[in-house]
There are 2 protein chains.
Amino acid sequence: MNQQVLLAKRPIGLPEADTWQIVETPIPQPQEGEVLIENAYISLDPAMRGWINDARSYVPPVKIGAVMRAASVGKVIESKHPHYKVGTHLYGTGGVQKYVVTNGKGWHPVDPNLAPLPLYLGTLGMTGFTAYFGLLDVGEPKEGETVLISGAAGAVGSITGQIAKIKGCRVVGIAGGPEKCRYIVEELGFDAAIDYKNESVKAGIKTHCPNGIDVYFDNVGGEILDLALAKINMSARVVLCGAISQYNSTSGISGPSNYLSLLVNRARMEGFIVFDYAKDYSKAAQEMAQWIMAGKLKSKEHIEEGLSNFHSTFLKLFSGEKLGKLVLKC
Amino acid sequence: MNQQVLLAKRPIGLPEADTWQIVETPIPQPQEGEVLIENAYISLDPAMRGWINDARSYVPPVKIGAVMRAASVGKVIESKHPHYKVGTHLYGTGGVQKYVVTNGKGWHPVDPNLAPLPLYLGTLGMTGFTAYFGLLDVGEPKEGETVLISGAAGAVGSITGQIAKIKGCRVVGIAGGPEKCRYIVEELGFDAAIDYKNESVKAGIKTHCPNGIDVYFDNVGGEILDLALAKINMSARVVLCGAISQYNSTSGISGPSNYLSLLVNRARMEGFIVFDYAKDYSKAAQEMAQWIMAGKLKSKEHIEEGLSNFHSTFLKLFSGEKLGKLVLKC
């Protein structure tokens, strides 16, 4: 039988367990031109919280009763497809389910001998691409500039900071708790960390960004965005990658009251969606694979197991309990 | 005697009359290399409200007891300067006063035979340059795109809209009251106007921007910025020119809660300061002078008279009582 996690209702605030319904259904059969994939790992991303709101966005909302949308990596176990043979590993939007049938559109082959499968959901997948294009294309960091990153121990933030180091920047990360702060400085090579749970972010920015902020890569929104805006330099770039502090808000989104700092500093705040860079994914993956092999780019995956644990795993995106890329093993 | 308007104290909220002190002082005498200028017209600009706050900005705050900072245009009536002879008309930061002595640095000659003097404070001065560079360099409008402008009957907004029309855009202005709305559509050629005092701006944007907003040129901030953000297109540009609705706020600046629309639409919000374009002012002035002569660029000046009326005139920047460029005749 197939095991599927369906969206049962639209949550208000932090999703509760009854947001999802786990069902068993017959394993789907591939038709001519299709493959049956057995998902090995499911990617968990903060963006998923946005996908279940009934709001205009860059992708349509997941429908009530539909399989929860997610990226996944899996293996072809039955094929009526001209190119993808049984045994091929593919990456795509497989959803939170054990088995998925697809005609292969939007799926890409990955090689489990070159890298462990979860890495194709992290550094060598959408997460890595988000860091790579968000920082390099939108943030445009120059050597010697100061790059501040929130959510710095998270999947995207941790890669973003390392790429900024590779590009010769001073890199300061904001993360929650001493373990995450130690990790990004000692293991990943950030120049400094600010522990937002145990110290003043305002004072931390003042101390660790003595020359101001040239690029602020924002994963969190809220008060931290405002504190960063207060210290941006002339012609600074604020990269809007996410706003995890706001996704479960029941009182509406809090806008950055310091936004006029963009005006007086001739600075810009700009959003991006990684999907727009699809044509350059392979170039980015190659470059990042080289950095990984050269020991310049490290990553951690936090792997939980079992589709029945989807809800509790999903909550770890927001509770701060995990470090690095969150993945669910099927 | 010289008549000067000094900053007497830092206002909280909308400045009251005792924010300023009017004094009579001896007419200053030019030294070697200097000129004595008799100001003819003083420019009144919303940015002046920011200059009297004690806050880090793109120019230092006006000091308590100092002459209030303002752009002005006047005539040299005494000269010990190698180039600027008596009778030369100059434009510069002359302050709110009748007479000013300067070594000429930051002053530029203007020709009263080519255009009336107030125009050098408006369309052919900083106001026009603000519209020109803010729209063209930051907003980057393309033919056929929709440009939405707030404060559209104001000094900057009215020029911005006409330049956007010259560039082949659909131009929609937001202004307060039927007279201003009639003016920007019937006299200036905007495609449509939204009267924020008498109709729903949200509904107006929906009606008049049926293809969404590609460039939003913001002079006002606050709720209207949020309503515009909700309707921006993919890759839209939000130009931060000002935030007049917020300048006198006593409860802090209201940040745009819809800022994540920048993220999902891969859009940017960017500030600018016209001073950065100083090297290109003359090119802009030439092009705008040609548009004026071709009848494509019109402007209105609202002229009040007498330095003793500075305070009541200043308040007209915020009360919505004026149309076009506000100028005080000395």
Any residue that is assigned to a loop (DSSP other than H, G, I, E, B), away from every other protein chain (no Cβ under 14 Å), closer than 29 Å to residue A:99 by Cβ and among the charged types (D, E, K, R) - is there at least one of those in segment A:305-316? no
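Here's the yes/no breakdown for (1) modelled with pLDDT of 95 or more; (2) in the same structural domain as residue B:6 (by TED's automatic domain parsing); (3) surrounded by fewer than 17 Cβ atoms within 10 Å (Cβ to Cβ):
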| position | (1), (2), (3) |
| --- | --- |
| B:262 | yes, no, no |
| B:269 | yes, no, no |
| B:289 | no, no, no |
| B:304 | yes, yes, no |
| B:309 | yes, yes, yes |
| B:312 | yes, yes, yes |
| B:319 | no, yes, yes |
| B:323 | no, yes, no |
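Report whether or not residue A:289 is part of a helix (DSSP H, G or I), more than 30 Å from residue A:20 (Cα to Cα), among the small types (Gly, Ala, Ser) and touching a Phe, Trp or Tyr at 6+ places or on another chain (Cβ under 7 Å). First the steps, then the outcome.
Working: part of a helix (DSSP H, G or I): yes; more than 30 Å from residue A:20 (Cα to Cα): yes; among the small types (Gly, Ala, Ser): yes; touching a Phe, Trp or Tyr at 6+ places or on another chain (Cβ under 7 Å): no.
No.
Specify the residue that is nearest to residue B:247 (Cα to Cα); the eligible residues are those in segment A:237-268 that are under 23 Å from the mean Cα position of the chain (by Cα) and among the small types (Gly, Ala, Ser). Break it down stepwise before answering.
The initial filter retains those residues of segment A:237-268 that are under 23 Å from the mean Cα position of the chain (by Cα), namely A:237-250, A:252-256, A:268.
Subsequent filtering for residues that are among the small types (Gly, Ala, Ser) retains A:242-243, A:245, A:249, A:252, A:254-255.
Details: A:242: 29, A:243: 27, A:245: 28, A:249: 28, A:252: 24, A:254: 20, A:255: 17 Å.
Top of the filtered list is A:255.
Within segment A:147-223, considering only helices (runs of 4 or more DSSP H) that don't extend past its boundaries, which have at least 3 residues that are in contact with a helix residue (DSSP H, G or I) (Cβ under 7 Å, 6 or more places away or on another chain) and closer than 22 Å to residue A:258 by Cβ? Walk me through how you get there before you give the answer.
On the way: elements: A:155-166, A:178-182, A:201-208.
Helices (runs of 4 or more DSSP H) meeting the threshold: A:201-208.
Could you count how many residues in segment B:246-257 are more than 7 Å from chain A (Cβ to nearest Cβ) and either charged (D, E, K, R) or surrounded by fewer than 18 Cβ atoms within 10 Å (Cβ to Cβ) (or both)?
4
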For segment A:203-225, give me each residue that is surrounded by 15 or more Cβ atoms within 10 Å (Cβ to Cβ), of a type outside the set (A, V, I, L, M, F, W, C) and either under 20 Å from the mean Cα position of the chain (by Cα) or at negative phi (or both). A:204, A:208, A:214, A:216, A:218, A:219, A:221, A:222, A:223
Where residues in segment B:54-77 are of a type in the set (Val, Ile, Thr) and modelled with pLDDT of 95 or more, which of them is surrounded by the fewest Cβ atoms within 10 Å (Cβ to Cβ)? B:64
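Among the residues of segment B:20-29, are any under 26 Å from residue B:274 (Cα atoms) and in contact with a helix residue (DSSP H, G or I) (Cβ under 8 Å, 6 or more places away or on another chain)?
Quick first cut of segment B:20-29, residues under 26 Å from residue B:274 (Cα atoms) only: none.
No.
A quick yes/no check of all residues on (1) free of Cβ contacts under 8 Å to residues at least 12 places away in the same chain; (2) more than 30 Å from residue A:218 (Cα to Cα); (3) of a type in the set (S, T, N, Q):
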site	(1), (2), (3)
A:44	no, no, no
A:49	no, no, no
A:54	no, no, no
A:67	no, no, no
A:75	no, yes, no
A:80	no, yes, no
A:93	no, no, yes
A:106	no, no, no
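Of B:228, B:243, B:236, which residue is touching a residue at least 60 places away in the same chain (Cβ under 8 Å), within 14 Å of chain A (Cβ to nearest Cβ), of a type in the set (A, V, I, L, M, F, W, C) and closer than 29 Å to residue A:268 by Cβ? Show your work before the answer.
Values: B:243 fails: touching a residue at least 60 places away in the same chain (Cβ under 8 Å); B:236 fails: touching a residue at least 60 places away in the same chain (Cβ under 8 Å).
From the options B:228, B:243, B:236, the qualifying one is B:228.
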Could you tell me whether residue B:298 is surrounded by fewer than 17 Cβ atoms within 10 Å (Cβ to Cβ), more than 10 Å from chain A (Cβ to nearest Cβ), in contact with an Asp or Glu (Cβ under 8 Å, 6 or more places away or on another chain) and assigned to a loop (DSSP other than H, G, I, E, B)? yes
Tell me, yes or no, whether segment A:78-90 has at least one residue that is assigned to a loop (DSSP other than H, G, I, E, B), under 28 Å from residue A:159 (Cα atoms), at pLDDT 95 or above and out of contact with any Phe, Trp or Tyr (no Cβ under 7 Å at 6 or more places or on another chain). yes
Residues in segment B:90-103: is at least one touching a Lys or Arg at 6+ places or on another chain (Cβ under 6 Å), surrounded by fewer than 19 Cβ atoms within 10 Å (Cβ to Cβ) and more than 25 Å from residue B:282 (Cβ to Cβ)? no
Here the qualifying pairs (Cβ atoms under 7 Å; residues six or more apart or on different chains; first in segment B:262-275 and under 24 Å from residue B:128 (Cβ atoms) and facing chain A (nearest Cβ under 7 Å); second in a helix (DSSP H, G or I) and small (Gly, Ala, Ser)) come out as B:272/B:134
Answer yes or no as to whether residue B:266 is of a type in the set (Lys, Arg), within 26 Å of residue A:61 (Cα to Cα) and assigned to a loop (DSSP other than H, G, I, E, B). yes
Suppose the filter is within 19 Å of the chain's Cα centre (by Cα) and free of Cβ contacts under 8 Å to residues at least 40 places away in the same chain; does residue A:315 pass it? no
If we scan segment A:54-70, do we find a residue that is more than 26 Å from residue B:263 (Cβ to Cβ), part of a strand (DSSP E or B) and under 25 Å from the mean Cα position of the chain (by Cα)? no
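The values are calculated or read from the model by the stated rules, or taken from the named source; none is laboratory data. As the structure is a prediction and not an experimental result, all values here were calculated from the model. Because the Cβ atoms are built from the backbone with ideal geometry, glycine has one as well, and the counts that use them run over all protein chains shown.
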